[in-house]
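First comes the structure, then the notes that go with it.
The values are calculated or read from the model by the stated rules, or taken from the named source; none is laboratory data. As the structure is a prediction and not an experimental result, all values here were calculated from the model. All Cβ positions, glycine included, derive from the backbone under ideal geometry; neighbour counts span all protein chains shown. Side chains are part of the model used for accessible areas, which takes the heavy atoms of the whole protein and leaves out ligands, DNA and RNA. Shrake-Rupley method; radii C 1.70, N 1.55, O 1.52, S 1.80 Å.
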Amino acid sequence: DLPTTNVSEIAIPRLKLHFEGGLDLDLPVENYMFPDPSTGVLCLAMAASSETGISIFGNYQQQNLWGLYDLEKERLSFVPTQCDQL
């Protein structure tokens with residue numbers, strides 16, 4: 001049996017996303033790295049964007065975050081939450 005990877009036991013650099021307009025989102029490690037228990041490998045949960053230059057902020061990165069959109073002020077913000085406890 002291969003050992004399972006425990007994310008908390010590995011020194012992983014923090015990932016901060018910089019959005020246009022000054023919003024910075026410091027993602028929890030669980031939102032961009034996931035263990036593959038079958039191989040014991042830790043994987044980055046992101047992919048390259050297409051040739052159009054558009055990047056997608058995926059559902060893996062958005063887990064346990066409320067996305068708040070203020071249309072009047074044209075602002076986007078994120079609030080940490082526990083989606084499984086709503």
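The charge dipole of the chain, taken about its Cα centre with unit charges on the Cβ of Lys, Arg, Asp and Glu (plus for the first two, minus for the last two), comes to roughly 120 debye.
Considering only the Cα atoms of region 38-83, their convex hull presents on average a projected area of 5.6 nm².
For the chain, the per residue solvent-accessible surface stands at 81 Å², with DNA, RNA and ligands left out and a 1.4 Å probe. The GluC sites (Glu not before Pro) of region 2-86 meeting both criteria, a DSSP state outside H, G, I, E and B (loop) and at most 15 other C-beta atoms within 10 angstrom of the site's C-beta, are E20, E51, E72, E74.
Is it possible to state the helix-based mean residue ellipticity at 222 nm for the chain, with each DSSP H run of 4+ residues giving -39500 (n - 2.57), the sum divided by total residues, to the nearest 500 deg cm²/dmol? What is it?
Computed mean residue ellipticity for the chain: -500 deg cm²/dmol.
Charges on Cβ only, +1 for Lys and Arg, -1 for Asp and Glu, centred on the Cα centroid of the chain; of A11, G53, L23, which one is farthest towards the dipole's positive end? It is L23, whose Cα lies furthest towards the positive end. Roughly to the nearest percent, how much of the accessible area of the chain is carbon and sulfur, given a 1.4 Å probe? Of the solvent-accessible surface of the chain, carbon and sulfur hold 54 percent.
How high is the FRET efficiency from L71 to V29, r the C-beta distance, R0 25 Å, rounded to 0.05? My answer for the efficiency is 0.20.
Computed FRET efficiency, Cβ-Cβ of Y60 and K16, R0 22 Å: what is it to the nearest 0.05?
Computed FRET efficiency for Y60 and K16 comes out at 0.85.
By the Cα gyration tensor, the chain has an equivalent ellipsoid whose semi-axes, rounded to whole angstrom, run 28, 17, 12 from largest to smallest.
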